[in-house]
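Novice: Quick one: the structure is below, and I'll ask about it shortly.
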Amino acid sequence: MKTIAGITGIGLVFVYAIGSGLWVNTGDGWYRNLNPPPWQPPDFIFGIIWPYNFIVLGIAAFVISQRASTTITLTYLTFFALSVACALTWAYQFYRPHNLSAAAIALAATVVLTIPMVVIAFRTSTPVALSLLPYQAWVATAAVLSYSYSRLN
């Protein structure tokens, strides 16, 4: 069970990364013509933080699956799967139909869903939990950024 749970967690990371890659498009004219919030991080930050986030999410899912009880592991994976679904909903809503308000709501839900993940991580492995904090901070920042885009455009 622990191995299957660990593979499932890593699989969720792949779904997250591939799904985001399919829908996120910052190179077209639409995105570049949006009014960005003045505090938006520079583009290179996105290129640094996302590989880190995906690696840490995979490690966290695997470590938790190996150290926590089956119930805790399944709880973690459920919140992780729901947060991935919301994050992908954000990517789709923002970049495909350009529904910026729905995108902001989806990303806010991602923030809420990652809180139990961090709590479970702290109860399982402090180093893993600490490594998840930048992800939590990033999705919170991205949610506010997404909301700002919905208000400015």
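The values are calculated or read from the model by the stated rules, or taken from the named source; none is laboratory data. Predicted model only: the values in this text are computed from it and were never measured. Reconstructed Cβ throughout: ideal geometry from the backbone, glycine too, with neighbour counts over all protein chains shown.
Novice: Residues SER125, SER131, SER148: which one is more than 15 Å from VAL56 (Cα to Cα), surrounded by 18 or more Cβ atoms within 10 Å (Cβ to Cβ) and polar (S, T, N, Q)?
Specialist: None of the others qualify; the one that does is SER148.
Novice: Could you tell me which of the residues ALA102, ALA91, ALA106 is in contact (Cβ under 8 Å) with a residue 60 or more places away in the chain and under 27 Å from TYR149 (Cβ atoms)?
Specialist: Values: ALA102 fails: in contact (Cβ under 8 Å) with a residue 60 or more places away in the chain; ALA106 fails: in contact (Cβ under 8 Å) with a residue 60 or more places away in the chain.
It is ALA91.
Novice: Looking at the range 10-22 only, could you name the residues that are buried (at least 16 other Cβ atoms within 10 Å of the Cβ) and farther than 17 Å from TYR52 by Cβ?
Specialist: Residue satisfying the conditions is GLY19 alone.
Novice: Residues of the range 28-64 being over 17 Å from the mean Cα position of the chain (by Cα), within 18 Å of SER83 (Cα to Cα) and at pLDDT below 95, which ones?
Specialist: Correct list: empty.
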